[in-house]
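Q: One structure is given below, represented as structure tokens, and several questions about it will come after.
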């Protein structure tokens, strides 16, 4: 007999039942953004359960819960009499106490596949005795309130919701402490049969079951008659959102966080470019969050599992800003830009690809897209030949595709090849916002819809940055003694490159050529001529060095064309670099985790910002002034005319070759944010600069986001905020005076530099 009961849980196992606990990603304002999970399960204490939830559970499942010691012999007798003697199996009710149900959930019964009834019955009897013993042990080692909270945490409610915290959030968007009587009754009613009594799948049966629970609460004195009747009359009102891996706020942020924490030590053989290897090596050395899972083993030496350990990751993300960023991207792309782009595509002969793209290039892109698809991979595993696979991609099949409509998808019949082209016609976007003086990342969006587009365009994707790189060159000029009012003759510049020459194409109106202009005018108008002039003064190596100081870590080719932005960089590092200007010259590596705790609340790691002085506050303020001109009078004037007419703000638009990429990165005194918009392939783009420029593709997302942020007074970002002026600052910033007034202060060496 000892061997039969040898696997009954020990006290240590009861102390720490091995449930799969979701790791919670928590915003700075206390909201659960998302989770890492196999089972979407998070724990709450008894004090976090609403009183009506406790009452509903006790009234429905175990009315003598507070008086028995784990086994309710009165209930067992009732079941035996009704089920065995009277044959009333349906009305006999259950004899299991909450403690027994908890024991069964935490430590499931033995299963047997034998067809012999006697063997099955014997195994079930033994399992029942084990369950009883475990229930008694639970009662001896835990208080009633602890058992009740463990029970509510262990129950499966369907829709991927394990435990009451996940269920309350999934069905009502609430914390368990906020549940009303009718909501508590509905969830408790789902416990035994979560599918049959699901309010989403079977609303009528769910309503009947909910009202049965309410009647039980009335029967045992938890509700009076009037309250019972009024609550039963209420309809079921849900805020249903199934918490799968595609749901929740910040799914791209969650994936980025997983990549960073799961990173392994960089090895040179895995990198094509040394600069990328160097950047990751520095992260491994200096960033404690990078590779955290490998650097921080558990006390027993094993590795933490994000999907099972129940960690709590406290982040810098603000849930409201995150929501506003996601809304702003969806609003501009879904309601405006994508529809305009579809119109643009009607005039393309090889839609969605641009008309000037060779057919051979299109075939290469499509061949690559097929090979990356799950369909191709699965068919290849099934030993289909490439020719057979190609044929399957031409045959129409029923398919669900992403759409910006209200449902978020369309059901259609389409060939896999055409579906690939359809997805290539969907414009992607990314946005990131951070706090200037702390480096805290407040919002992070990597794409238009995580369910359909898993690729993170904020930190994984590298795209040409265009004119958004120009402020880095102007920063070099300001550092070396130039001021915004320094005057230059606006003419094309020619460079000798090897045995040839290169003259950057002028973007200026013909009437501007030959005029004497200021550097402020040059950046305001995003003049290629003036950027080329500055590149002649300092050279590409000096520009690369300045980019590095400002936080750019990706590969930069030190060539003269760098002044126009051909470099492929991430939005993540561009926002970090721009943040140096409102932070008074201090470059702060973007920080997105404050601390990590284990499931018991023990702090495992804390994190602090990594800061270094990149440029002086003097130079930074000159750049703030230069980029204010871009917003007030230049290529980003749309911000003023349509979105934010008041307050101090600065920024820069960017557009790349053939309008493949649209950028806007801007900042107010207490927030820096950047936006990128483009298609998956650079060969898919608007044909006109008016539609495909950064001021039309990316800037509106930034404007919508900041509108929402400014409107929310709880975020404490106001149009009355001002940029900090360095002590002793005296440079000329008003370039509208006479030539004599301006020339007297246009070559002032930065007194704060070295």
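Taken together, the values in this text are just the output of simple stated rules run on the coordinates, not laboratory data. Note that this is a predicted model, so its numbers are computed, not measured. No Cβ is skipped: glycine too gets one built from the backbone with ideal geometry, and neighbour counts run over all protein chains shown.
Q: Take residue 374, project a point 7 Å from its Cα along the Cβ direction, then tell me which residues of the stretch 411-434 have their backbone nitrogen under 18 Å from it.
A: Answer for the stretch 411-434: 411-424.
Q: For a quick protection proxy, order the peptides 297-304, 634-641, 352-359 by their average other-Cβ count within 10 Å, most packed first.
A: Peptide ranking by packing, descending: 634-641, 352-359, 297-304.
Q: Expressed as an acute angle from 0 to 90° and rounded to the nearest 10, what is the orientation of the C-alpha long axis of helix 51-61 relative to the principal long axis of the chain?
A: 40
Q: Continuing with the same structure: Can you give the angle from 0 to 90° between the axis of helix 540-549 and the longest principal axis of the chain, with both taken from C-alpha atoms, to the nearest 10?
A: So the helix axis and the longest Cα principal axis differ by about 30 degrees.
Q: Tell me, what is the percent relative contact order of the stretch 375-442, built from C-alpha pairs under 8 Å that lie six or more residues apart?
A: Values: 53 pairs, mean separation 13.5, N = 68.
Dividing the mean separation by the residue count of the stretch 375-442 yields 20 percent.
Q: On to the next question. How high is the relative contact order of the stretch 236-331? Use alpha-carbon pairs under 8 Å, at least six apart in sequence, and give a whole percent.
A: 25
Q: If you don't mind, there's one more thing I want to ask. Can you work out the PRE-style zone for residue 612? Point 7 Å along Cα to Cβ, and I want the residues of the stretch 546-567 with backbone N under 16 Å.
A: What the label zone holds, given the 16 Å backbone N cut-off, is 546-555.
Q: Given 0.36 nm per residue, what is the gain on full extension from residue 633 to residue 225 after removing their alpha carbon distance, in nm?
A: 140.0 nm
Q: Starting with the fewest neighbours, write out 545, 456, 47, 681 ranked by other beta-carbon atoms found within 10 Å of each beta-carbon. Please list the in-between numbers first.
A: Numbers: 545 15, 456 23, 47 8, 681 19.
Listing 545, 456, 47, 681 from fewest to most nearby Cβ atoms yields 47, 545, 681, 456.
Q: Sticking with this structure for a sec: Can you give me the distance in nm between label points at residue 267 and residue 381, each placed 7 Å from the Cα along the Cα-to-Cβ direction?
A: Simple spin-label model gives 2.5 nm for this pair.
Q: Determine the distance separating the Cα centre of the stretch 245-302 from the Cα centre of the stretch 397-427; give it in Å without decimals.
A: Answer, in whole Å: 33.
Q: In whole angstrom, how far apart do the alpha carbon centroids of the stretch 454-493 and the stretch 642-670 sit?
A: 13
Q: If the chain between residue 515 and residue 727 were fully stretched, how many nm would it gain, using 0.36 nm times the residue separation less the Cα-Cα distance?
A: Contour length minus the Cα-Cα distance gives 72.8 nm.
Q: Related question: Specify whether the C-alpha gyration tensor of the stretch 297-431 places it in the rounded, prolate or oblate class, a ≥ b ≥ c being the square roots of the eigenvalues: rounded for a/c under 1.5, otherwise prolate if a/b is larger than b/c and oblate if not.
A: Working: a/c = 2.39, a/b = 1.31, b/c = 1.83.
Oblate shape, in that a/c is at least 1.5 and b/c is the bigger or equal ratio.
Q: A further question follows. List the relative contact order of the chain as a percent without decimals, with contacts defined as Cα pairs under 8 Å and 6+ residues apart.
A: That works out to 12 percent.
Q: Nearest 10 degrees is fine. How inclined is helix 203-219 to the longest principal axis of the chain, computing both from alpha carbons?
A: 60
Q: Can you give me the C-alpha center-to-center distance between the stretch 604-629 and the stretch 518-559, rounded to a whole angstrom?
A: 18
Q: Tell me the label-point distance for the pair residue 45, residue 239, using the 7 Å Cα-to-Cβ offset, in nm and rounded to one decimal.
A: 2.4
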